[in-house]
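> Okay, handing you the structure first.
The values are calculated or read from the model by the stated rules, or taken from the named source; none is laboratory data. Just so you know, these numbers come straight off a predicted model, no measurement behind them. Cβ placement follows ideal geometry from the backbone for every residue including glycine, while neighbour counts extend to all protein chains displayed.
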Ligand SMILES: Cc1ncc(COP(=O)(O)O)c(C=O)c1O
């Protein structure tokens, strides 16, 4: 078979696409159950000599059906706010399986912790507040190890330019707070960025383990997420088995030297679900800007469903679903009244455009955006221009299609408005 240089559909076939559009129209998210389960199995196989907990970073996609599916496979939860923790509880997740790691101290922290939810202090202030409310208990701390990595500056959450976690040089200060409130620091957490460079990730893992030496009661090391999922052709993907053997060796050596058995936690979001999502859209218009300009495919979606290209120049595979054999260079534009609503930014200069070679398209053709399982339905300019939220559907292992979120209505959008 001759391999095309163009991106291909990942898990949908043309029959699926027709079936989805027949039932839900466009735009619509579809998630593949088989891919999600394979990714979970790979994460659960991460080798850790003294035990492993895999937490799903639910910020990637918090739909309750997805939380329950991952939970039924033995995956716990990383909640990024008190609201996410509440959402996980409502989905039926056991409170003791939820760890909150957030930028903002939850206003209902006491209620959540009393239910059994665990808390990870991400600043000295958070530690102080937690200690005042729960003296004499176990607590977890997030450290900024002094280096970070992400596919862009906006996804890098370690190093001196990042506000995430307690700066690694403030161990004395955090020990003072722990002593004041008789807190037992039993877990050290680091998360250096999303879609990280595997070499930097491993370096951060080693630095974090060194930090565990200075915290004698730590029994759990949480290395966060940041495993790179290859979204586009030719992109490197983190090989979990390779990095896990390095981490497992480091944990074993640490035990040999100190006699301390450290349990490992990892918190993948992207790795579990990014490549399990496709967004089916319709090309509703094609315009051009003259001989020296561009040809634009305009789709019935955009930053309302997928903000990542606008936010940080993220590159997602784009597939025009057609039997035609001709190719053409296009810019793909979203439906929002924002010049930045572009699906084909230049990866090196995200404010600029870069044409993409796609199958030659006609108005009315379907365009599928791949790699949209993580940080798309959950993290977009929802309801801008009053476009309703798109539905979400799961393609089950037996091929059937099940709705997990329906399309929003205009009435639902207006519900919060007062009439004065
Ligand atoms: C604390 C924490 N853990 C895990 C993750 C998941 O990262 P990724 O989606 O790269 O796996 C994030 C993402 O921002 C995070 O903030």
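> Which numbered condition trips up residue 236, out of (1) away from the ligand (no atom under 16 Å from the Cβ); (2) free of Cβ contacts under 8 Å to residues at least 40 places away in the same chain; (3) part of a loop (DSSP other than H, G, I, E, B)?
With respect to (1) away from the ligand (no atom under 16 Å from the Cβ); (2) free of Cβ contacts under 8 Å to residues at least 40 places away in the same chain; (3) part of a loop (DSSP other than H, G, I, E, B), residue 236 is out only on (1).
> Here's something else I'd like to know. Given the options 50, 70, 46, name the one that is more than 16 Å from the ligand (Cβ to nearest atom) and within 29 Å of residue 121 (Cα to Cα).
50
> For the range 129-145, check the following and say yes or no: at least one residue is outside any strand (DSSP E or B) and within 22 Å of the chain's Cα centre (by Cα).
Filtering the range 129-145 down to residues outside any strand (DSSP E or B) leaves 129-137, 145.
Remaining after also requiring within 22 Å of the chain's Cα centre (by Cα): 145.
The answer is yes; a qualifying residue exists.
> Look through 96, 107, 133, 115 and report the one residue that is more than 18 Å from residue 191 (Cβ to Cβ) and without any contact (Cβ under 8 Å) to a residue 24 or more places away in the chain.
Going through 96, 107, 133, 115 in turn, just one is more than 18 Å from residue 191 (Cβ to Cβ) and without any contact (Cβ under 8 Å) to a residue 24 or more places away in the chain: 96.
> Moving on to the next point. Testing residue 241 on (1) within 24 Å of the chain's Cα centre (by Cα); (2) assigned to a loop (DSSP other than H, G, I, E, B); (3) exposed (fewer than 15 other Cβ atoms within 10 Å of the Cβ), one condition comes back false. Which one is that?
Residue 241 satisfies all of (1) within 24 Å of the chain's Cα centre (by Cα); (2) assigned to a loop (DSSP other than H, G, I, E, B); (3) exposed (fewer than 15 other Cβ atoms within 10 Å of the Cβ) except (2).
> If you check residue 320 against the conditions, is it touching a strand residue (DSSP E or B) at 6+ places or on another chain (Cβ under 7 Å) and not in a loop (DSSP other than H, G, I, E, B)?
Criteria met by residue 320.
> While we're here: Suppose we keep only residues that are within 16 Å of the ligand (Cβ to nearest atom) and part of a helix (DSSP H, G or I) within the range 197-233. Which one would you say is surrounded by the fewest Cβ atoms within 10 Å (Cβ to Cβ)?
To start, the set of residues in the range 197-233 that are within 16 Å of the ligand (Cβ to nearest atom) comprises 197-202, 204-205, 208, 220-231.
Filter again for part of a helix (DSSP H, G or I), leaving 198-202, 204-205, 208.
Working: 198: 19, 199: 10, 200: 19, 201: 26, 202: 18, 204: 26, 205: 23, 208: 22.
Checking each candidate, the answer is 199.
> How many of the residues in the range 21-53 are crowded, with 18+ Cβ neighbours inside 10 Å and within 22 Å of residue 390 (Cβ to Cβ)?
11
> So which residues in the range 332-390 are modelled with pLDDT under 95 and within 16 Å of the ligand (Cβ to nearest atom)?
none
> Would you say residue 325 is part of a loop (DSSP other than H, G, I, E, B) and modelled with pLDDT under 95?
Judged against the criteria, residue 325 is a match.
> Restricting to the range 61-96, give me the number of residues that are in a loop (DSSP other than H, G, I, E, B), farther than 16 Å from residue 36 by Cβ and touching a helix residue (DSSP H, G or I) at 6+ places or on another chain (Cβ under 7 Å).
Of the residues in the range 61-96, 3 are in a loop (DSSP other than H, G, I, E, B), farther than 16 Å from residue 36 by Cβ and touching a helix residue (DSSP H, G or I) at 6+ places or on another chain (Cβ under 7 Å).
> Answer yes or no as to whether residue 264 is more than 16 Å from the ligand (Cβ to nearest atom), in contact with a strand residue (DSSP E or B) (Cβ under 8 Å, 6 or more places away or on another chain), touching a residue at least 40 places away in the same chain (Cβ under 8 Å) and in a strand (DSSP E or B).
No, not satisfied.
> Something else now. Which of the strands (runs of 3 or more DSSP E) contained wholly in the range 349-412 include at least 2 residues that are out of contact with any helix residue (DSSP H, G or I) (no Cβ under 8 Å at 6 or more places or on another chain) and under 24 Å from residue 310 (Cβ atoms)?
The qualifying strands (runs of 3 or more DSSP E) are 356-359, 366-370.
> Counting just the residues of the range 5-20 that are more than 14 Å from residue 318 (Cα to Cα) and touching a residue at least 24 places away in the same chain (Cβ under 8 Å), which one comes out surrounded by the fewest Cβ atoms within 10 Å (Cβ to Cβ)? Show your work before the answer.
So the first thing to find is which residues in the range 5-20 are more than 14 Å from residue 318 (Cα to Cα), and the list is 13-20.
Add one more test, that the residue is touching a residue at least 24 places away in the same chain (Cβ under 8 Å), and what stays is 14, 16-17, 19-20.
Working: 14: 12, 16: 19, 17: 20, 19: 18, 20: 22.
Result: 14.
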